[in-house]
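The values are calculated or read from the model by the stated rules, or taken from the named source; none is laboratory data. The shown structure was predicted, so the numbers you read here are calculated from the model rather than taken from an experiment. Positions of Cβ are generated from backbone atoms using ideal geometry, with glycine treated the same way; all protein chains shown enter the neighbour counts.
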Amino acid sequence: MNYGNVDEELSIKVNRLAECTLEGKWKEVEEMYNDDPPCHTAMIDDSVGTALHVAVDLDEEGVVEKLVNAIIRHKTMKALKMKNYRGDTALHVAASRGFAKICELIIGTKKERIYLVRLKNKEGETPLFQAALNWKKLVFAYLSNLSDHSAPLQDLVRRNGDTILHCAIRREYLGIFLIPIFSSCYMKKVQINTIYTLNSIYIFMDMVQIWL
C-alpha cells in the first residue's frame, strides 16, 4: 500500500473540510462527516478547533445535531473530546456561549456522554465553570442539574485556585448565588479550602458596601 497517497488524499479532504466549514457550506460538511470518519477529528486550525467547534460557536443547532449523530454512528467518540488552542471542547464552547440545547445534543438526552462535563481546558475550567464565568444562567442550571446540583468540588475550581464563586462575585454576577449548586454543593463542602470561601465573602462584602 502506498501510504503516501493515503496521507495526501486525507490532506485534500481535510483542506476541503476546512474550506467548507469556514464558508458555511454545511451540507457538504455534513456529507463529509457521514462519509469520512477521519474528518471528525480533523482540526480546521488550532484556534477554532474542529468543524463541530465552529458549528457550535455559530449556533448551527441543526448542523451540530447531524455532526454529533455522525460521530455516534461511526463510533468516533474521540471527536467530542477534541480541543482547540484554549483546550476547549465543543461542549466548552456551547456552555460559554449559552447554548443549552446544543449542550444537550452533545451530552445526550439520557446523559449518555455526561463524562464530557468533567473535561477541563488549559485553565482548568470545566463547561460548568465556563457557563458561570460567562453568566449563562440556563446552561449553568442545566449542567448543574446533570449532577443533581452536586458537582465534584474539583469541577468548581480552576487551575489558579479561583472558584466559580470568586468569578461570579468579581464579575458582579450576584444572582448566581440563587442557583442551588452553591447551597447544596459548594458552601456545604467548604473544606475544599476555607480561605477561598472567606476571601469570596470578603470581596462580596466590600462590593455591597460600595453599592450602599
### Residue check, Val139 among the β-branched types (Val, Ile, Thr) and at pLDDT below 95
yes
### Selection within segment 108-121 - of a type in the set (Lys, Arg), exposed (fewer than 15 other Cβ atoms within 10 Å of the Cβ) and within 12 Å of the chain's Cα centre (by Cα)
Arg118
#### Entry: segment 28-55 residues that are over 11 Å from Leu17 (Cβ atoms), paired with ones that are of a type in the set (D, E, K, R) and crowded, with 24+ Cβ neighbours inside 10 Å (beta carbon under 8 Å, 6 or more apart)
Gly49/Asp88; His53/Asp88
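Examine segment 3-14 for a residue that is at pLDDT 85 or above and either under 24 Å from the mean Cα position of the chain (by Cα) or under 17 Å from Asp57 (Cβ atoms) (or both), and state whether such a residue exists.
Yes - at least one qualifying residue is present in segment 3-14.
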### Query
Among the listed residues Ala151, Ala95, which satisfies the condition of being at pLDDT 95 or above, buried (at least 22 other Cβ atoms within 10 Å of the Cβ), out of contact with any Lys or Arg (no Cβ under 6 Å at 6 or more places or on another chain) and not acidic (Asp, Glu)?
Ala95
### Query
What is the number of the single condition among (1) touching a strand residue (DSSP E or B) at 6+ places or on another chain (Cβ under 9 Å); (2) more than 19 Å from Gly108 (Cα to Cα); (3) surrounded by 15 or more Cβ atoms within 10 Å (Cβ to Cβ) that Leu22 does not meet?
(3)
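Could you please find all residues in segment 144-159 being in a helix (DSSP H, G or I) and either touching an Asp or Glu at 6+ places or on another chain (Cβ under 7 Å) or without any contact (Cβ under 8 Å) to a residue 24 or more places away in the chain (or both)?
Asn145, Gln154
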## Note on the structure
Pairs returned, first residue in segment 104-132 that is in the same structural domain as Cys167 (by TED's automatic domain parsing) and within 10 Å of Leu143 (Cβ to Cβ), second residue that is modelled with pLDDT under 95 and among the aromatic types (Phe, Trp, Tyr), beta-carbon separation under 8 angstrom, 6 or more apart or interchain, are Leu128/Phe140; Ala131/Phe140; Ala132/Phe140; Ala132/Tyr173
### Query
Pick from Ala79, Ala141, Ala70, Ala94: which is part of a helix (DSSP H, G or I) and within 12 Å of the chain's Cα centre (by Cα)?
Ala94
